[in-house]
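Read-outs: derived from the displayed coordinates by stated rules, not from any lab. What you are looking at is a predicted structure, and each value in this text was computed from that prediction instead of being measured.
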Amino acid sequence: MGFLGGSQSEQRSETKIPAWLEKAGEQVYQDYALPLANQPFTPYTGQMVADLPSYYNTAFQNIQNNQGAGSGALSNAINNANAMTQFTGGYNPATVTAANATLTPYSQAALNQYMNPYAQYVIASGQQAIRDDADIQAQNSYGQAALMGALGTREQVRQDDIAANRMAVLGDFTANQMAMNYANAQNQFNLANQLGLNQQFGNIANQMAVQNQNNANALNAAQFGLGVNQQNNANLLAQAQLQGALGQQQQAMGLQDVNALLKAGQLQGMYDQNVLDANYGEFMRQQQDPFTKLQALNQTLGSIPFGQTTTQTYKPSFWENMGTITQGVGTIMAAGSDVRLKKDIEYLGKHEKGFGVYKWNWNDDAKAMGVNDRTVGVIAQELIDYVPEAVSVHPKGYLQVNYNLLAGL
């Protein structure tokens, strides 16, 4: 007993196929396979890569707007520090005048002179490095998929994940570099002014020391007034320190808002990409549907047993040509040989190799895979003990049979 499938050409054998079955196969070829082969390629016209979420643009705008944040509080701090006064008692002997240090008022222009002039170059270089690294990842992933024969939707999803991750890393890197440059300039500006304040306080201290040495009597007489003046200066200095801390806190809160926007943009981008991927997957499922149906027809014909004779004259059968078409449209029906997809199984007889031939109906699991015709053939779980090379595992986990390997038995 033989089974439909590819002829063993090396044996120079000729398979005798019943006329009705030959006609049915030719009809499948003419009415289904040939039109599908001649069908022009239908490109996918929908969007495949999600747009940059608006959260990112808002975050970048906030970074620019945050430059100079807290400058009002810092200016007030400097003004309060400059408002400190020197005490002069009622007795006014010859005094020693200390030179005042020059302090730079806080402004964006004053802060810009401390900004790193190479920051944009560093940011641009870092961004290019991130893009290059992402491109290498994409190329490596594509190469591995090509070697494994796994190019398709799953590889496209992987490519899209790499692209989305690249955008998130670029956003984080750019925000961090700009924040570091701004913070460094702020520290340099504060340090310069602090040095000026220290110089001024040092001059005042020296003046007071000389004044105390030369005018001990005057200072003793005005001790009470001096204490009041020192307390006032201390209050002004405390206010300046508090206002400076408030300015720094305002800047930190602005950066926190930027980070929150970047994270929200990443989540929105992932969601938008998932929607686009789902639309593309549905398009591909619709494109594959005719091939799935053709595979079901072809596999059903290929699983019907028939008589076979061998002659000395070799003539390629129609089913050798159909074998190429079968390979092109998939292996859905081949999984139908698994006993877990069958019900109402009836034993028809035994092949001379020892395995049985049966007929059956498909169960609900088989129908869910697109198989719904009554058929005849073998059971994979039994055949594996007799012809193990003809049995393999379907991607869905079911056993499948290559009936081409049974044609010469």
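Quick notes on this structure:
- Over 28 Å (Cα to Cα) - which of Lys23/Lys367; Lys343/Lys396; Lys293/Lys342; Lys293/Lys350 fall in this group: Lys293/Lys350
- Both radii were evaluated on the Cα set of the range 54-288; the Rg over Rh quotient, with Rh as the Kirkwood radius, amounts to 1.30.
- Annotation: extensible slack from Gln287 through Ala238 equals 10.2 nm (criterion: 0.36 nm per residue apart, minus Cα-Cα distance).
- Taking each residue as 0.36 nm, the span from Ala209 to Gln113 lengthens on full extension beyond its C-alpha to C-alpha distance by 30.9 nm.
- Equivalent ellipsoid semi-axes - Cα gyration tensor, the range 95-205, angstrom: 55, 10, 9
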